[in-house]
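Student: Input: one structure, supplied below.
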């Protein structure tokens, strides 16, 4: 009878056992959860497995390790050579020199932030099971437009060739006839744009176009020029650099001066009246005024220069042509002066060379 009573469990005792079992399981579960929490916290300074930045596997790296490895990869891009060509000039530069930078720290921060996007359980799973996350992050590069502009301006200064204007002038008593020559300049804005594009696409070579700079003064713009050479008593009419007409003339006799220099025609007269410019010297025995006609010292045509008292004119004294016989003016045969007259507009440049 007694054994029978002890062999049966009371309902109260069964509940007690069940509660203890549940408590043990709960305690065990709490311990496991705490351990998992501690593990997750201890691994929070490392990137989840299966994460790459710009092709660099940064799985389970600390921040400093990831920055070092990604920086090394970024360095390959920043120190890569870029060949910049313009005309016959070539420069080898690096993206870093042009001011390009890589946001390595920002990329590493993004890699760590991937863990924050996962649940606690998912993070533990990826870490404990070494399950790759399969995340690939890009490395962001920044470009310094001011740095690119500075390089392009230096390049532009090197390749610039100024245009050369045509010139017809008396320089140190020598006649200079210089033909025009086109120059060149680098297209700065387009050049900067192309370099920026090359950096963005990772190109190793870029061509910057040049622009032809035309001279402001062409041969045609020179117009007509009269050149009087005192050494040979000649007068030549140039159309640009081409001799259109050539004549023998008479210039100043000893004691008088045909002024050397660059002058211009300021007036012109057909059948001019002559006004005696030297009533108290060499013209003292001549009338104060001589009307147009065969005895007029200026002949039938006269070109007035801005050198006071100097004319290019005809003369009836044909025997003086080719000699030094005038009081400073340039004398021509009547027929030559009449031929030259309509070819010379007011404003024509006149060079008198020694």
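Student: Regarding the range 286-295, can at least one residue be identified that is in contact with a strand residue (DSSP E or B) (Cβ under 8 Å, 6 or more places away or on another chain), in contact (Cβ under 8 Å) with a residue 12 or more places away in the chain and either surrounded by 13 or more Cβ atoms within 10 Å (Cβ to Cβ) or not assigned by TED's automatic domain parsing to the domain that holds residue 349 (or both)?
Tutor: Yes: the range 286-295 contains one or more residues that are in contact with a strand residue (DSSP E or B) (Cβ under 8 Å, 6 or more places away or on another chain), in contact (Cβ under 8 Å) with a residue 12 or more places away in the chain and either surrounded by 13 or more Cβ atoms within 10 Å (Cβ to Cβ) or not assigned by TED's automatic domain parsing to the domain that holds residue 349 (or both).
Student: Another question about this same structure. When the range 236-255 is examined, which residues are found to be farther than 9 Å from residue 332 by Cα, touching a residue at least 40 places away in the same chain (Cβ under 8 Å) and outside any loop (DSSP other than H, G, I, E, B)?
Tutor: Residues satisfying the conditions are 237, 238, 244, 245, 251, 252.
Student: Ok, one more. Of all the residues that make up the range 112-164, how many are surrounded by 16 or more Cβ atoms within 10 Å (Cβ to Cβ) and free of Cβ contacts under 8 Å to residues at least 40 places away in the same chain?
Tutor: Residues in the range 112-164 being surrounded by 16 or more Cβ atoms within 10 Å (Cβ to Cβ) and free of Cβ contacts under 8 Å to residues at least 40 places away in the same chain: 1 in total.
Student: For the subset of the range 165-179 comprising residues that are touching a strand residue (DSSP E or B) at 6+ places or on another chain (Cβ under 7 Å) and under 14 Å from residue 352 (Cβ atoms), which member is surrounded by the fewest Cβ atoms within 10 Å (Cβ to Cβ)? If you could, list the steps in order and put the result at the bottom.
Tutor: To start, the set of residues in the range 165-179 that are touching a strand residue (DSSP E or B) at 6+ places or on another chain (Cβ under 7 Å) comprises 166-170, 173, 175-178.
Narrowing further to those that are under 14 Å from residue 352 (Cβ atoms): 168-170, 173, 175.
On the way: 168: 21, 169: 13, 170: 17, 173: 9, 175: 15.
Taking the candidates together, the pick is 173.
Student: Considering (1) in contact (Cβ under 8 Å) with a residue 24 or more places away in the chain; (2) within 21 Å of the chain's Cα centre (by Cα), say which one residue 193 fails and leave the rest.
Tutor: (1)
Student: Here are some conditions: (1) crowded, with 22+ Cβ neighbours inside 10 Å; (2) part of a helix (DSSP H, G or I). Residue 303 meets all but one. Which one does it not meet?
Tutor: Evaluating residue 303 over (1) crowded, with 22+ Cβ neighbours inside 10 Å; (2) part of a helix (DSSP H, G or I) leaves (2) as the failure.
Student: Just give me the residues in the range 325-343 being surrounded by fewer than 19 Cβ atoms within 10 Å (Cβ to Cβ) and either assigned by TED's automatic domain parsing to the domain that holds residue 176 or within 54 Å of the chain's Cα centre (by Cα) (or both), in sequence order.
Tutor: The answer is 328, 338, 339, 342, 343.
Student: Oh, and also: Count, please, the residues in the range 329-354 that happen to be part of a loop (DSSP other than H, G, I, E, B) and either modelled with pLDDT under 95 or over 14 Å from residue 274 (Cβ atoms) (or both). So that I can check it myself, show each step before the final result.
Tutor: Let us first name the residues in the range 329-354 that are part of a loop (DSSP other than H, G, I, E, B), namely 329, 344-348, 354.
This time we only want the ones that are either modelled with pLDDT under 95 or over 14 Å from residue 274 (Cβ atoms) (or both), so: 344-348, 354.
Adding up the residues that qualify gives 6.
Student: How many residues are under 17 Å from residue 215 (Cα atoms) and exposed (fewer than 13 other Cβ atoms within 10 Å of the Cβ) if we restrict to the range 182-198?
Tutor: Step one: list which residues in the range 182-198 are under 17 Å from residue 215 (Cα atoms), which gives 182-186.
Cutting the leftovers down to exposed (fewer than 13 other Cβ atoms within 10 Å of the Cβ) gives us 182.
Selection size over the range 182-198: 1.
Student: Shifting gears a bit: Filter the range 199-214 for residues that are assigned to a loop (DSSP other than H, G, I, E, B) and buried (at least 18 other Cβ atoms within 10 Å of the Cβ) and give the result. Break it down stepwise before answering.
Tutor: Looking only at the range 199-214, we keep the residues that are assigned to a loop (DSSP other than H, G, I, E, B), and these are 202-204, 208-209, 214.
208 - this is the single residue of the range 199-214 that is assigned to a loop (DSSP other than H, G, I, E, B) and buried (at least 18 other Cβ atoms within 10 Å of the Cβ).
Student: Test residue 57 against the criterion of being without any contact (Cβ under 8 Å) to a residue 60 or more places away in the chain and either in contact with a strand residue (DSSP E or B) (Cβ under 8 Å, 6 or more places away or on another chain) or closer than 30 Å to residue 205 by Cβ (or both), and give yes or no. Before the answer, list the steps.
Tutor: Values: without any contact (Cβ under 8 Å) to a residue 60 or more places away in the chain: yes; either in contact with a strand residue (DSSP E or B) (Cβ under 8 Å, 6 or more places away or on another chain) or closer than 30 Å to residue 205 by Cβ (or both): yes.
It is true that residue 57 is without any contact (Cβ under 8 Å) to a residue 60 or more places away in the chain and either in contact with a strand residue (DSSP E or B) (Cβ under 8 Å, 6 or more places away or on another chain) or closer than 30 Å to residue 205 by Cβ (or both).
The values are calculated or read from the model by the stated rules, or taken from the named source; none is laboratory data. All of these numbers come straight from a predicted model, not from anything done at the bench. Glycine gets a Cβ as well: all are built from the backbone with ideal geometry, and neighbour counts include every protein chain shown.
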